[in-house]
Structures are given as C-alpha cells and as structure tokens.
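Visitor: Handing you a structure now.
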Amino acid sequence: AVYHPSPPAPPAPAPAPSAPMATQSDFPEEDVVAASDYAKAIAAVDRLRGERDELRVRLRKMRSSAAADEREIYELKHAVHQIGEQTQAAQHRMQQQEHEIREMSAALERARSMSRDVATMS
C-alpha cells in the first residue's frame, strides 16, 4: 500500500474590500462631537455612578440604623410596660400589706386593752 497525500486545500478567498472609514468631514458639523467631549461625558457618567453607589451604601446604612433604632424603641417600650405592670403589682401588694398592718395594729390595741382590763380586775 502506497501512501498518496490528498491534494492541498484551495486558498481562502481574499477578504472583500471594506468601505472607507467615514471622516469628520463626511458628517454635518452639528453631528461631530470631539473625543474630549466623549471623554468628559464618560467621566461624568462614571462620577454619577460613583455618587449613586455611595448614596445606595448610605441609604442601606441608614435603613439598617433605623431598623436597629426601631428594635431598641420596641425593647424600651416593652421594658417600660413590664416596669409599669411590676409597679402596679407592687402597689397592690403594698395596699394589702397596709390593710394587714392596720388590722394587726387594731388587734394589738384590743389585746392591750383586754390585758389592761384583766390587770385592773385582779
């Protein structure tokens, strides 16, 4: 068996000639914008994007801070409510104890009076 190489592939066709690039003189004067104007516009867009991103970060921080403040306010209100309930319960206990003290004082006074009466009878 003898090796026979295949014939070489035909060369690729040459690229079609492209249209000549338009120059600034091909456009009306009002449509021509200088490269420096493009650069200024791009710089302004970049600056505005940076400012927007900074504002978004600040807004996120403010929202986070506001949420933390709201949580703290809720916790403080809850604590005040609990203290109020504890105060009411303490006042109720104090009133009960005051009533018991009066009853005990009256009973003690009656016992003293009876003790004096018994002492004077003897």
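The values are calculated or read from the model by the stated rules, or taken from the named source; none is laboratory data. Note that this is a predicted model, so its numbers are computed, not measured. FYI the Cβ positions are ideal-geometry reconstructions off the backbone, even for glycines, and counts take in every protein chain you see.
Visitor: Just to be sure before I move on: is Ser18 hydroxyl-bearing (Ser, Thr, Tyr) and either part of a helix (DSSP H, G or I) or modelled with pLDDT of 95 or more (or both) in the structure I sent?
Guide: No; evaluated as a whole, the condition is false for this residue.
Visitor: Going by the conditions given, is Glu70 over 31 Å from the mean Cα position of the chain (by Cα), assigned to a helix (DSSP H, G or I) and without any contact (Cβ under 8 Å) to a residue 60 or more places away in the chain?
Guide: No; evaluated as a whole, the condition is false for this residue.
Visitor: Mind checking whether some residue in the stretch 51-65 is small (Gly, Ala, Ser), surrounded by 10 or more Cβ atoms within 10 Å (Cβ to Cβ) and under 20 Å from the mean Cα position of the chain (by Cα)?
Guide: Scanning the stretch 51-65 turns up at least one residue that is small (Gly, Ala, Ser), surrounded by 10 or more Cβ atoms within 10 Å (Cβ to Cβ) and under 20 Å from the mean Cα position of the chain (by Cα).
Visitor: Got a number for residues in the stretch 98-122 being β-branched (Val, Ile, Thr) and surrounded by 10 or more Cβ atoms within 10 Å (Cβ to Cβ)?
Guide: The qualifying residues number 1.
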